[in-house]
Amino acid sequence: MSEDTRPVGPDDGDLPADEAPRFRLGFVPGATPGKWARTWEQRLPRVPLDLVPVEAAEVVGAVRAGDVDAAIGRLPVDKDVFHAIELYAELPMVVVSRDHLLAATEESEHVTTADLAEDVLWVPADDVLFTGDRPRPGRSPEAYDDGTGTLVIPAPATTAEAIAWAATGSGVVVVPMSLARLHRRKDVVHRVLDDGPEAPVGLVWLRDGLTAETGELVEEMVGIVRGRTANSSRGRAGESARASTKAAGAKKAFGAAAKKAGTAGGRGGAAGARRGVSPGARRGRPGGGKGRGKRR
């Protein structure tokens with residue numbers, strides 16, 4: 001029998017749909033929150049979980065503005081404003097055209113930044129690896145005259161566009177593994193870049209300003225992404241699971257006690273029968289005395 005793991009407040013069933021508790025979880029391109037969403041649905045079936053796609057550069061603003069309650073986003077973030085739990089770190093991958101020399105390597109082979117020394121590196125505007133002053137492999141693209149006498153350095157707007165440029169053989173792109181797979185194309189190949197920067201991913205939420213309800217739901221999500229069981233969860237699902245376990249234990253103990261009592265009564269009756277005493281005689285029924293009178 002399925003079991004509702006969320007305790008229901010006295011007015012939960014009467015709340016209008018727009019006031020019922022919900023949880024909005026943002027996630028960046030490449031992130032796969034499905035397994036956590038399934039666990040949430042099992043533990044808190046009465047609190048809908050909304051999965052909200054958010055661009056990597058917009059996670060901080062979305063969480064700060066309350067557009068999402070928490071997000072699976074790229075790290076690092078400002079620890080003075082946000083809590084963050086690192087979930088995993090993605091390996092960097094280089095994406096090249098099928099005509100590139102690196103395309104001749106085996107899929108299991110890794111490459112290094114030295115292998116990209118002669119290649120132009122396309123860095124898209126939504127890049128998540130080469131932020132700040134982090135060193136970049138390969139060569140920077142050459143500036144060109146845009147027709148007005150102004151020199152412009154070409155730069156793709158998105159990761160998808162950068163990979164499309166790489167497919168033409170004009171350069172290479174380095175992205176986290178999930179994005180290389182997300183933007184997979186038949187005219188490119190990707191290989192792990194051994195000495196490239198990793199891309200950490202984590203759960204991000206505000207340090208201050210959350211309501212009590214939202215704070216409780218964030219704690220539920222923290223427990224889920226950290227792999228806590230329902231019984232060890234600190235939030236409402238954990239309290240409900242522990243209460244259910246306790247109730248089930250009490251019910252089991254009561255059933256065992258009742259069974260033991262019934263077994264003891266049955267044994268008493270059987271013993272009486274073995275001694276040749278009729279049930280009527282044991283209860284003092286008239287039939288027992290009448291039988292003894294006939295024998296005299």
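Listing for the model above:
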{"quantity": "Prolate/oblate/rounded label for segment 72-193 (Cα gyration tensor, a/c 1.5)", "calculated": "oblate"}
{"quantity": "Distance (nanometres) between label positions extended 7 Å along Cα→Cβ at T32 and L151", "calculated": "4.5"}
{"quantity": "Segment 24-152 - share of DSSP beta bridges that are antiparallel (%, nearest 5)", "calculated": "20"}
{"quantity": "Cα centroid separation - segment 170-184 against segment 82-160, whole Å", "calculated": "8"}
{"quantity": "Prolate/oblate/rounded call for segment 83-155, Cα gyration tensor, a/c under 1.5 rounded", "calculated": "oblate"}
{"quantity": "Shape category assigned to segment 165-231 from the gyration tensor of Cα positions, a/c cut at 1.5", "calculated": "prolate"}
{"quantity": "Sparsely packed GluC sites (Glu not before Pro) within segment 38-117, loop by DSSP, other Cβ within 10 Å at most 16", "calculated": "E55, E106, E107, E109"}
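Where a number appears in this text, it was derived from the coordinates with a stated rule and is not lab data. Keep in mind it's a predicted model, so treat the numbers as computed, not measured. All Cβ positions, glycine included, derive from the backbone under ideal geometry; neighbour counts span all protein chains shown.
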